[in-house]
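The values are calculated or read from the model by the stated rules, or taken from the named source; none is laboratory data. Every value quoted in this text rests on a predicted model; they were computed, and no experiment measured them. We place every Cβ from the backbone using ideal geometry, glycine too, and count neighbours over all the protein chains shown.
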Amino acid sequence: MHSIGSTAIRRMATRATRMSTAFTFTKNVTQQHLPLRLGLTQPLFNSARLYATDKEKVVAYTVDKFPGYVRNENFKELTENDVTYFKSIVGENGLVYGNEDDLFAFNTDWMNKFRGKSQLVLKPKTTQQVSDILKYCNEQKLAVVPQGGNTGLVGGSVPVFDEVVLNLQGMNKIRGFDSVSGILTADAGCVLEVLDNWLAEKGYMMPLDLGAKGSCHIGGNIATNAGGLRLLRYGSLHGTVLGLEVVLPDGTILDNMSTLRKDNTGYDLKQLFIGSEGTIGVITGVSILTPHRSKAVNVALLGLESFEDVQKAFKQSRIELSEILSAFEFWDINALHMFKKHATPKEVMQSEYPFYVLIETSGSNKDHDDEKLTTYLENMMEEGVAQDGVVAQDESQIKNLWSLREGFTEALGKEPAVYKYDISMPVPKIYECVEDMRQHLKDGGVFGQEDSPVTDVVAYGHVGDGNLHLNIAAKRLDKKTSSLIEPYLFEWVSKHQGSISAEHGLGVAKNEFLGYSKSPVMIQLMKSMKNILDPNGILNPYKYLPSS
Ligand code: FAD
Ligand code: MLT
Ligand code: ZN
């Protein structure tokens, strides 16, 4: 990477396009200045880890860590006869039974925060097997947790007690692809990155991307209505999912695998299952609209002085980059420090700024995109909005910039404890929320001193979606800190017309706080719908909806 001055950027524009590269730049050539140097030669974290669960780390059971859960006595306890019956459906190799070591990864969530006590994991290979399993579980009143890649961050994908885990990893076939319309049909257990790589060969891409792509399933993405890094450009799964095949709790197969973009006949039932977190049906098949893979992709990283500047950069990017803007992400210096603390090598990004934004453009004409991006960056530098920046010059630098952004989750996962939040609110409020929380924790006596339980308050997120990831790292989870954060944060969000969950969902982490985002009438209707579809309450109990 080389640096140039902003006055030279205009002259560089044509050269940059010819070189078909991007470039690094600094505010002023004459100024003694260190450009943002990443020093990354390879992605620092491996997103393709199947499970993050670390057996070396002692993970307490959810029921011990968060007392108050009571096992629903209507649910039957698993017997040998049940296991024998399940073997007749999925075969000897289609289940994991009784062995604590083998069960550990399925019982424990990605953050090592929640742990259940299931004795049985079922791995069906077909929709009919899922149907047979659920029919039996419903009749026998055996509780079930649907599970995809187990990368969920709210404890929704693992049991609370002894629920049977229904893992979809064996359902991983691509069913079809229409290369004219870009519509992909696939089993729900296909890994997001596998689908994306498969589509790449055909010139298409998945309309969503997230740090967990190497492990999460498309079914899990839909069950959580995952947002991710490119929602800004390609929209939510409520728009791109065209059809679903779902097995209802009583085993009924709901075949709604439409491949139509337009269909105004009756209630749009598939929408109910998008974001339902495995509480009203198991998604087994997916039909999804995929965009063309962009020929020209640029990624730039800017260093900025204030969140005010982040907003200016965002506002201007929508005007100047408009249709080629595909991501606009931000993080603060605390997030960078957290990354550095856990990454190897440590000498990532030598010059530091209070804020960073990562901007991605995707288009079909490299020259056109380069020119637009150059002009935008030049303006940002000249107007003093950005202090410094770097533009990836090739595919591997693009990957490295993204791996920095995607690495915060894993870095935080290496802390002894972390309170994770994914809230949404009007963009101008985003950093006010972070600063307010820091002060609130200091005032509460849990942050700011050497021996404080809270060690850091880290912020990053999807600015373009008004989505803040507020992460409070701590030496341990303790009652005083928890009760200072919750419901304070949810009240704050509610007061500012935000949502207590922008994308990770509710699971067991936020279900009791749903009232901060939805009215009593809405919650009552949700409960009625759950009752109609799952009268025995066997699907993903203790989660999603408030208990009372
Ligand atoms: P799981 O974790 O297995 O399950 C999640 C929920 O969906 C559970 O309630 C489960 O019961 C249910 N479920 C799973 N499969 C099915 C199915 N087939 N049918 C019915 N219910 C099912 N989320 C975002 O929105 N944006 C991000 O940018 C983002 N980044 C992440 C980065 C990292 C490093 C990690 C670890 C997580 C991230 N997540 C993000 C959170 C997570 O929601 C997503 O990883 C993903 O959508 C979950 O998919 P999964 O297959 O792992 O589902
Ligand atoms: C992200 O945007 O990185 C994900 O939602 C995960 C997280 O919040 O850590
Ligand atoms: Zn996110």
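In the list ASP250, ASP268, which residue meets the criterion of being surrounded by fewer than 18 Cβ atoms within 10 Å (Cβ to Cβ) and free of Cβ contacts under 8 Å to residues at least 12 places away in the same chain?
On the way: ASP250 fails: free of Cβ contacts under 8 Å to residues at least 12 places away in the same chain.
On inspection, the qualifying residue turns out to be ASP268.
Tally the residues that are assigned to a loop (DSSP other than H, G, I, E, B) and either small (Gly, Ala, Ser) or over 25 Å from ASN138 (Cα atoms) (or both), restricting the search to the stretch 212-263. It would help to see each step written out before you state the result.
Just the residues of the stretch 212-263 that are assigned to a loop (DSSP other than H, G, I, E, B), to begin with: 212-216, 225-230, 235-236, 248-252, 257-263.
Subsequent filtering for residues that are either small (Gly, Ala, Ser) or over 25 Å from ASN138 (Cα atoms) (or both) retains 212-216, 225-230, 235-236, 251, 258-263.
Of the residues in the stretch 212-263, 20 are assigned to a loop (DSSP other than H, G, I, E, B) and either small (Gly, Ala, Ser) or over 25 Å from ASN138 (Cα atoms) (or both).
Name the one entry in ASP451, ASP388 that is over 25 Å from ASP209 (Cα atoms) and modelled with pLDDT under 95. So that I can check it myself, show each step before the final result.
Numbers: ASP451 fails: modelled with pLDDT under 95.
Selected residue: ASP388, the only one of ASP451, ASP388 that is over 25 Å from ASP209 (Cα atoms) and modelled with pLDDT under 95.
With the checklist (1) within 27 Å of SER236 (Cβ to Cβ); (2) among the small types (Gly, Ala, Ser); (3) away from ligand 3 (no atom under 16 Å from the Cβ) in hand, flag the one item GLY156 doesn't pass.
The single condition GLY156 does not satisfy is (3).
So, SER236, is that one free of Cβ contacts under 8 Å to residues at least 12 places away in the same chain and closer than 22 Å to THR284 by Cβ or not? Let's see the steps before the verdict.
On the way: free of Cβ contacts under 8 Å to residues at least 12 places away in the same chain: yes; closer than 22 Å to THR284 by Cβ: yes.
In short, yes.
Kindly indicate whether any position in the stretch 525-532 is surrounded by fewer than 23 Cβ atoms within 10 Å (Cβ to Cβ) and assigned to a loop (DSSP other than H, G, I, E, B). Even if it seems obvious, please write down each step before you answer.
Kept after step one, since they are surrounded by fewer than 23 Cβ atoms within 10 Å (Cβ to Cβ), are these residues of the stretch 525-532: 525-532.
Now restrict to residues that are assigned to a loop (DSSP other than H, G, I, E, B): none.
For the stretch 525-532, residues surrounded by fewer than 23 Cβ atoms within 10 Å (Cβ to Cβ) and assigned to a loop (DSSP other than H, G, I, E, B): absent.
So for the stretch 68-79 (the condition being modelled with pLDDT under 95, part of a helix (DSSP H, G or I) and away from ligand 3 (no atom under 16 Å from the Cβ)), does at least one residue qualify?
no
Filter the stretch 391-412 for residues that are within 15 Å of ligand 2 (Cβ to nearest atom) and either surrounded by fewer than 19 Cβ atoms within 10 Å (Cβ to Cβ) or acidic (Asp, Glu) (or both) and give the result. If you could, list the steps in order and put the result at the bottom.
Residues of the stretch 391-412 within 15 Å of ligand 2 (Cβ to nearest atom): 401-412.
Passing the criteria: GLU406, GLU410.
Out of VAL458, VAL427, report the one residue that is more than 19 Å from HIS342 (Cβ to Cβ) and within 16 Å of ligand 3 (Cβ to nearest atom).
Values: VAL458 fails: more than 19 Å from HIS342 (Cβ to Cβ).
None of the other options fit; the residue is VAL427.
Being closer than 16 Å to GLY285 by Cβ and hydroxyl-bearing (Ser, Thr, Tyr) is the filter; apply it to the stretch 251-273 and report the residue that is modelled with the highest pLDDT.
Filtering first and then ranking leaves THR252.
Would you mind stating whether GLU491 is more than 15 Å from ligand 1 (Cβ to nearest atom), surrounded by fewer than 19 Cβ atoms within 10 Å (Cβ to Cβ) and without any contact (Cβ under 8 Å) to a residue 24 or more places away in the chain? Spell out how you get there, then give the answer.
Details: more than 15 Å from ligand 1 (Cβ to nearest atom): yes; surrounded by fewer than 19 Cβ atoms within 10 Å (Cβ to Cβ): yes; without any contact (Cβ under 8 Å) to a residue 24 or more places away in the chain: no.
In short, no.
What single numbered condition from (1) within 11 Å of ligand 1 (Cβ to nearest atom); (2) buried (at least 23 other Cβ atoms within 10 Å of the Cβ) fails to hold for GLY211?
In the conditions (1) within 11 Å of ligand 1 (Cβ to nearest atom); (2) buried (at least 23 other Cβ atoms within 10 Å of the Cβ), GLY211 misses (2) alone.
If you scan the stretch 158-184, which residues turn out to be in a loop (DSSP other than H, G, I, E, B) and within 30 Å of GLY116 (Cα to Cα)?
In the first step, residues of the stretch 158-184 are kept if they are in a loop (DSSP other than H, G, I, E, B); the result is 158-163, 168-173, 179-182.
Residues satisfying the conditions are VAL158, PRO159, VAL160, PHE161, ASP162, GLU163, LEU168, GLN169, GLY170, MET171, ASN172, LYS173.
Among the helices (runs of 4 or more DSSP H) lying completely within the stretch 400-514, list those that include at least 2 residues that are within 22 Å of MET526 (Cβ to Cβ) and not assigned by TED's automatic domain parsing to the domain that holds ARG318. Let's see the steps before the verdict.
Working: elements: 408-413, 430-443, 479-485, 488-495.
By residue number, 488-495.
Could you go through the stretch 324-339 and let me know if any residue there is surrounded by fewer than 18 Cβ atoms within 10 Å (Cβ to Cβ), farther than 20 Å from ASP388 by Cβ, assigned by TED's automatic domain parsing to the domain that holds VAL299 and touching a residue at least 12 places away in the same chain (Cβ under 8 Å).
First pass over the stretch 324-339, keeping only residues surrounded by fewer than 18 Cβ atoms within 10 Å (Cβ to Cβ): 333, 337.
In the following step, the residues that additionally are farther than 20 Å from ASP388 by Cβ were identified as none.
No, every residue in the stretch 324-339 fails to be surrounded by fewer than 18 Cβ atoms within 10 Å (Cβ to Cβ), farther than 20 Å from ASP388 by Cβ, assigned by TED's automatic domain parsing to the domain that holds VAL299 and touching a residue at least 12 places away in the same chain (Cβ under 8 Å).
Taking the stated definitions as given, is GLY275 assigned to a loop (DSSP other than H, G, I, E, B) and out of contact with any Cys (no Cβ under 9 Å at 6 or more places or on another chain)? Reasoning before the result, please.
Numbers: assigned to a loop (DSSP other than H, G, I, E, B): yes; out of contact with any Cys (no Cβ under 9 Å at 6 or more places or on another chain): yes.
So GLY275 fits the description; yes.
Quick one: in the stretch 185-211, which of the residues that are in a loop (DSSP other than H, G, I, E, B) and not aliphatic (A, V, I, L, M) is nearest to the chain's Cα centre (by Cα)?
First, pick out the residues of the stretch 185-211 that are in a loop (DSSP other than H, G, I, E, B): 188-190, 201-203, 205-211.
Applying the additional criterion that residues be not aliphatic (A, V, I, L, M) yields 189-190, 201-203, 207, 209, 211.
Working: GLY189: 17, CYS190: 17, GLU201: 25, LYS202: 26, GLY203: 25, PRO207: 14, ASP209: 9, GLY211: 7 Å.
Here the answer is GLY211.
Tell me, which residue of the stretch 420-453 that is in contact with a Leu (Cβ under 7 Å, 6 or more places away or on another chain) and within 21 Å of TRP110 (Cα to Cα) is surrounded by the fewest Cβ atoms within 10 Å (Cβ to Cβ)?
Among those that are in contact with a Leu (Cβ under 7 Å, 6 or more places away or on another chain) and within 21 Å of TRP110 (Cα to Cα), it is LYS420.
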